[in-house]
Amino acid sequence: MPAEVDGYPGPTTGRHPLDSLWRLRPYLRPYAPEFAWLFLAGLAAVGAGIAVPLVAQRVVDGPVARQDPAGLFRLAGLALLFGLAEAVLIFIRRWVQSSSSLGIETAIRADIYAHLQRLPASFHDRWQSGQLLSRLTTDLSAIRRFLSFGLLFLALNLVTYTVVVALLIRLHPVLGLVVAVSAIPLFLLARRFARAYHAASRRMQDQQGDLATLVEETAQGLRTAKAYGRGPELAARFAVSSRALHDTAVGKGRLLADTSARLDLVPNLTLGVVLVAGAGAAAAGTLTIGELVAFVSLQLLLIWPVQGLGWIIAGGQEAATAADRIREVLDTPVAILDAPDAAAPPRAQLLGRLRFSGVSFRYPGAREPVLREVDLTVEPGETVALVGATGSGKSTLLSLVPRLHDVTGGHLTIDGYDVRHLQLATLRRLVGVAFEEPTLFSMSVWENVTLGRPDAGDEEVRAALTLAQATFAYDLPWGLATRVGEQGLSLSGGQRQRLALARTVLSRPALLLLDDPLSALDVHTEALVEAALRRALPNTTTLVVVHRPATIALADRVALLEDGRITALGRHSDLLATVPAYRALLSAEPGPPAGDPAPNGLVRS
Amino acid sequence: MTDGDDPGGDPPPAIPVPRPRSCFLSNGAVESTQENWRGIAVDPDADRSRAEDTDPAAVARLRARSRALLRNLLHPHRRQLAVAVALLLIQNVAGMAGPYLVMLGIDRAIPPLRAGDAGPLAYIAAAFVVATVAEYTARRGFLVRSARIGQAVLLDLRRRVYRHFLRLSVTFHERYTSGRMVSRLTSDLDSIGELVGGGIDSLVLAALSILSVAAILLWLDLPLAAVTLLAFPFLFWLSRWFARTSAVAYRWTRDSIALVIVHTVESLRGIRAVQAFRREPRNQRIFTRVNDDYRRASLHAFQLIATYSPGVKLIGNVTIAVVLCYGGWRVLNGHAEVGVLAAFLLYLRRFFEPMQELSQFYNSLQSATAALEKLAGVLDEQPEVPEPARPVPLPAAESGRGAVAFRSVSFGYHPQAPILRGLDLDIPAGQTVALIGPTGAGKSTIAKLLARFHDPNTGTVSLGGVDLRDLADADLRQTLVLVTQETHLFGGTVAENIRFGRPDADDAAVAAAAKAIGADEFITALPDGYATQVHRRGSRLSAGQRQLVAFARVFLADPAVLILDEATSSLDVPTERAVQRALATILRDRTALVIAHRLSTVEIADRVVVLESGRIVEDGPPGQLVHSDGRYAALHRQWLDSLS
C-alpha cells in the first residue's frame, strides 16, 4: 500500500521562494542585537585572520632584515595579540550563534506545537502525523542551520567579495573590472541552481515526512502486521519509500556537485584571463610585475567565498522550503475557537439540558452528510441511550457536543447557550466524554486519569477508580505512578476502558457522553459499573451510545439513529414493542437465518 | 531537575537521560509534580535498548559496536570510496597547480613576451586550462560519488533498522514506544546524513595537507619544526577533552529529541482526548519542558564545539607567534636563512588552517556516532521471540495441522506476577472453542501466546504438534491469525487493507470476502467504494466498520487456525450476527479460539472453556455446562437476564 499523498497541500506556488522564510522574522527580532554582534565579531575575526600573515611578512621584511631584536619581539607580540583576538572573536561568534539560533528554533517549535493542539480534529484527520512531526524536527533543523551558519557566511562572503573586488579595481581598473564582470556568470549559475534545488529540497522534505508517517504507522500497526506475518510486505513498502528518498537525495547531491564545480570554474577561468591579460600588460609596461603579483594574490582570496556559495545557497533553499512547510501549518486557521462574545456561565447556573435542533453535519470533503436535521432534547439529569447500526453516525453526534467538530447546520445548545457561544474551556469542562476507543498516553496512570482534572485529590481519584471498577491500578508495580505502556496496550481492553471511564467521571461533568463505554467489560463487571454510575450520576445529564441490550438498562429513554436521522424516541420496552427497526437492532433473538439451516438455540454443537 | 551528580531525590528519576556533569545544566528548577508526569516504567530499560547502559563498560562496548557497524556499512563501497579519494587528490593537485602556473607565467613568460615571443605564455595558458578542466571534472566526480556512497549507506542503514524493528517483539515495542522508533528512523538518521553529506573531503584533505606540510616543515628547519610540534600535546589534550564531553553531550541530544518526538506523536494521536479534556495547557507545559531540554542539550553540545574550534585556532595562532619569535631570533643569530623563515611561516598557516575543518568534521562525527550508537543499540537488541534457526515444517493439511496444544504453560508479563500457571489445553483440529471468564483471567494472554507475541516462561505451546518456537514465522502466520478488538487500518484504500490478509488476492476475491462478512454494503456506500482512502488510522470509519474490514481481512487470509479476541465488541447486534453466520460457515472445518464477554458469540462454539485466575475451571460442550451448576451456567443466566 503506498503512503497516501493527499495529507498535505502541494508546494505553495506563485509567491517568492523566500517569502515564508522572511515571514519568520518576528522570531529573529528578539535576537537582532545578538545577530548584529556576531556579524561584527565574524568580520573582525576575518580581519584579524588576515592581519596575522601580514604581520609575519612585516617581521621578515623589517626587523629580521634590519637586525632589530626589539622590533622582532614587538611585532611577534602583535601577531600573538591578533592571533588571540581572532580566537576570542571566533569563540564569541560561535557561542552567541548557538544560543540565538537554538532559541529561535525552540520558539518556533513551541508555537507550531501550540497551534497543532488548537487545530480541530478534522485537520488531524486530514494530515499525516509524520508530516507534522518532520516539520517539527527535520525542517526546523534546516532553518536553524541556515540561521547559524548560512546567513552569516552569506553576508561575510558578500562583504569579502565586494571589498576584494574594490581593492582589485583600485589596483588596476581594467583587470579589476574583468574580475567584477565574472560576478555575472556566478549570479546566473547561482540563480539557476537555486530554482532547481528549491524543488528538489521540497520534494525531499515531503518524502521525509512520508517516511516518518510510514514508520509511525508501522509502530501503530505492529500487532496487526505480526498477526498476519506481513513483515516482509511492510519492509518492501518501506524499501520503496526509502529508495524514493534516497533517489531524491542523490539527485540533490548531483545538482550540488554540478553547480559547485561550475561555480569553481568561474574564478579559475578569470584567473587565467588575468594571467594572460596581465602578462600582456606587464610586457607592454603598463603594469609592474610586483603589481601583478599583488593582484593575483588578492584575487586568490576570492576562491573560498565562491567555493562556499553552492552550499550556502543549498542551505538557504532548504531553509526556505522548510519555512514553506511550516507556514502551511501555522497558516491553517483554527476553525474551532472562542467566539468574540463567548459566554462563560458559572457551573452552578447550569442544569445540563442538552438540545439538538435541526443539527446536520458533514465531514469536510465528504459528499453526503452524516447527520441530517437531528432533533433531540436530553433533560437535566436524564439518561438517553443512542442506538443505531454500525456507522450510523452515533459517535459523530457525540463529538459535536464538546465541539471536536462544529455542526454544519442547525443548533446545539446547553441550557439555551449555543455551544458555539460558550467559551471552549467552559464547554469542555461541562462535558465529559468517554470515547469508543480509550485513548491512554504513555504516562503514569495518575496523569492519565486526571487528564481533565489535574488538581484532583487522592480521595477523588480513588472514588473515580472505584466507581469505574478500576482499582486494579493500585496493584500495578508502582501503583498509580506506574507508566502505562504505549496506548496502554499492556493493559487489557477492559482495563483501559475502565481507566478511561474513571477519567471521564473524575472530571465531574454536567453532561456525560459515553460512547459504548462498557463494550470490553464482562457481564459481571459491567453490572457493577452500571450500578455505580447510577448511584454517582443521578443529576448528570447523560447521552450514551449503546450496542447491547444490557447497557440500555442505564437509560431513561432511547433514541434510534438511522441514516443520520432520529427515527424513534421513547422507552426501551415501548420501542421494542412498536418499532421493528429497533427490535431488529436490539432483539436478543437471532434473526431468521437467511436460507441457512443453522443453529436452533444458542449452541451449534 | 537534579544534576547527575546530585545525590538527593529518592524516587527513580522520571527521565533517565544521561546528565553530563556540567555547569550548563544546573539551572533547571522544575517543580516535582511536573517531573512525574511520565510515571515510573515497570521495565528499567524502558527508554532505551538494552545495550545502552550508563556504566562505562557498556558505553565503551556500544561505541565499539557502532564503529563496527559503520565499517560494515562502508565495506561494500570500499572501491567507490577509493575512487572518490583518488578524485579528491586529483582535484587537489589540479587546484594547487593553478596558482603555481600563474607564478610560473609571471616569472617565465613575461620576459619572452617582452621580446615578442608569446609561445611560453601560450603553453602556460594551455596548461592552466588543462588544470582547470581537470579540477572541474575531478571535483564534480568526487562530489557525485561521495553523495552516492553516503546516501547508499544511509539507505542500507535505514532499511536494516526498520527490518530489525519489525523483528523485535511486541513487548519491546510496548516499552520502547512508537515515538522513539520514529525518532531513531528519522532524526538519528538525519544526523548521520549530515556527516556523510560533507565529511569525507574535509577529512581527507585536512589529513593530507597536515601530513605533507609536517614533512615539509621537518625538512625545512628541524629546530623550528620541533617547536611547532610542541603544539601537538595541547591539541591532543584539547581533542580528548572534546571527545569525552561531546560524546556525552550528543547522546543527551539524541535522548532529548526522542522525548520531543514521543510527546508530539502521542499528543497528535490522542488529539480528541486532549481537546475534550482541556489538556492543552498542561501538554504545552510538558512540551515546553522537553523542547527546552532538547534546546539545552543542543546548546551544551554546540558550546563544546564553540570552545573546541577556537581552542584549536588559539593553539595554532600562539604557535605561529612563537615560531615567528624563535625563528626571527635564530635568523638574527645567523642559525637560519630568512627565506626559510618566510617559507616556514607560509606553510605553518596551511598547517593549522585544515585543523579547523578537522575540528568541524570531528564534531559531525561525534554527533553521528551518538546517533549511530542508538541505532547499534537497536540492532543489538535480540528478538525476545526469535525465529528458529532450523524451522520444523508443519504436517500436511490432512494430518491435523490445526491442532493446538498448551502443555503446562506458565507465563507472566512480570516474573513476580504470573498470569498462567501450568495451563494444559488441547484443541483438536477443526474444533471451535469459546474461552470465557472474568476480566484479567488470562484469556487474552492465551490468545497472545498462541499467536506467539510472547513465548511461555515454562511449558510449550504447539501447533500441529510442532512447538511454536520451532516454526518458521511465515508458516505460523499463514496457518494462524489473531484478530483483536484493536483493529489497525494502514494508510491506503479499503481494498488494500482487506488485501493485507492475502497480498496476492485479486479485486474479486477482496469483494467476495467483504460480501461474505457483510461489509460489502457499507464499503460500496463509501465515496469511492473499495478505493476509498481510509486516511489516518481510519478515523473516518467507525469502530464497527473497522472491525468489519478486519473481518474481511481475516476471511480473505483464510487461516487454518483463527483466534478472535473480542473481535466483534463494537458491532451492533445484527451486524455481529451476520459476521457470526459467516464465521460459522468458515469455522466449520477450522480450529478456532473465540474470546468474548458476550455469550452470544458462544453460539458458534463446540466447546466452552471457563478460565479463572489463569486456571481452567470448567471445560465441556456448552449444552452440558449450561445444565451443570457451575460458573458457565451462572454466567449464562446472568446474560439471559441482561437481555430482557
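The values are calculated or read from the model by the stated rules, or taken from the named source; none is laboratory data. Fair warning: this is a prediction, and the values are worked out from it, not measured in the lab. In this analysis, Cβ positions are derived from the backbone assuming ideal geometry, glycine residues included, and neighbour counts consider all displayed protein chains.
Okay, here's what the table says:
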quantity: Check on A:A532, surrounded by fewer than 22 Cβ atoms within 10 Å (Cβ to Cβ), more than 23 Å from A:R403 (Cβ to Cβ) and touching a residue at least 60 places away in the same chain (Cβ under 8 Å); calculated: yes
quantity: In the stretch B:490-513, residue farthest from the other protein chains (Cβ to nearest Cβ) [restricted to those that are free of Cβ contacts under 8 Å to residues at least 40 places away in the same chain and outside any loop (DSSP other than H, G, I, E, B)]; calculated: B:A508
quantity: Boolean, A:V306 is in a loop (DSSP other than H, G, I, E, B) and within 14 Å of chain B (Cβ to nearest Cβ); calculated: no
quantity: Unique match (being among the charged types (D, E, K, R), surrounded by 14 or more Cβ atoms within 10 Å (Cβ to Cβ) and in contact with a strand residue (DSSP E or B) (Cβ under 8 Å, 6 or more places away or on another chain)) among B:E603, B:E618; calculated: B:E618
quantity: Extreme residue, nearest to A:L214 (Cα to Cα), among residues of the stretch A:92-101 that are facing chain B (nearest Cβ under 8 Å) and crowded, with 20+ Cβ neighbours inside 10 Å; calculated: A:S98
quantity: Set A:L467, A:L480, A:L440, A:L476: member being in contact (Cβ under 8 Å) with a residue 60 or more places away in the chain and surrounded by fewer than 24 Cβ atoms within 10 Å (Cβ to Cβ); calculated: A:L467
quantity: Qualifying positions in the stretch B:162-218 - at the interface with chain A (Cβ under 8 Å from one of its Cβ atoms) and hydrophobic (A, V, I, L, M, F, W, C); calculated: B:F165, B:L166, B:V170, B:M181, B:V182, B:L185
quantity: Output for the stretch B:180-227, where each listed residue is at pLDDT 85 or above and under 16 Å from B:T253 (Cβ atoms); calculated: B:R180, B:S183, B:R184, B:T186, B:S187, B:D188, B:L189, B:D190, B:S191, B:I192, B:G193
quantity: Scan of the stretch B:523-566 for residues that are part of a strand (DSSP E or B) and either at the interface with chain A (Cβ under 8 Å from one of its Cβ atoms) or among the acidic types (D, E) (or both), ordered by number; calculated: B:Q533, B:D565
quantity: Selection status of B:Q303, within 30 Å of A:L501 (Cβ to Cβ), within 7 Å of chain A (Cβ to nearest Cβ), part of a helix (DSSP H, G or I) and at pLDDT 90 or above; calculated: no
quantity: Among (1) under 35 Å from the mean Cα position of the chain (by Cα); (2) closer than 27 Å to A:A550 by Cα; (3) without any contact (Cβ under 8 Å) to a residue 24 or more places away in the chain - the single one B:F551 does not satisfy; calculated: (3)
quantity: Residue, surrounded by the most Cβ atoms within 10 Å (Cβ to Cβ), within the stretch B:552-581, restricted to residues that are within 22 Å of B:T493 (Cβ to Cβ) and touching an Asp or Glu at 6+ places or on another chain (Cβ under 9 Å); calculated: B:A552
quantity: Test result for A:A425, at the interface with chain B (Cβ under 7 Å from one of its Cβ atoms), surrounded by fewer than 22 Cβ atoms within 10 Å (Cβ to Cβ) and not β-branched (V, I, T); calculated: yes
quantity: Residue list for the stretch A:361-375, filter: crowded, with 16+ Cβ neighbours inside 10 Å and not in a loop (DSSP other than H, G, I, E, B); calculated: A:F361, A:L371, A:R372, A:V374
quantity: Those residues of the stretch A:81-90 which are buried (at least 20 other Cβ atoms within 10 Å of the Cβ) and either within 24 Å of A:L330 (Cα to Cα) or without any contact (Cβ under 8 Å) to a residue 12 or more places away in the chain (or both), in sequence order; calculated: A:A87
quantity: Conditions (1) crowded, with 19+ Cβ neighbours inside 10 Å; (2) among the charged types (D, E, K, R); (3) farther than 28 Å from B:V549 by Cα; number of the one not met by B:R452; calculated: (3)
quantity: Any chance A:T137 is free of Cβ contacts under 8 Å to residues at least 12 places away in the same chain, within 23 Å of B:L185 (Cα to Cα), among the hydroxyl-bearing types (S, T, Y) and assigned to a helix (DSSP H, G or I); calculated: yes
quantity: Yes/no for A:I104 being of a type in the set (V, I, T), farther than 23 Å from B:H300 by Cβ and more than 9 Å from chain B (Cβ to nearest Cβ); calculated: no
quantity: Filter result (of a type in the set (S, T, N, Q) and free of Cβ contacts under 8 Å to residues at least 60 places away in the same chain) within the stretch B:554-584; calculated: B:T568, B:T575, B:Q580
quantity: Residue that is touching a residue at least 12 places away in the same chain (Cβ under 8 Å), more than 27 Å from A:Q220 (Cα to Cα), among the acidic types (D, E) and not assigned by TED's automatic domain parsing to the domain that holds A:E216, where the choices are A:E459, A:E526; calculated: A:E526
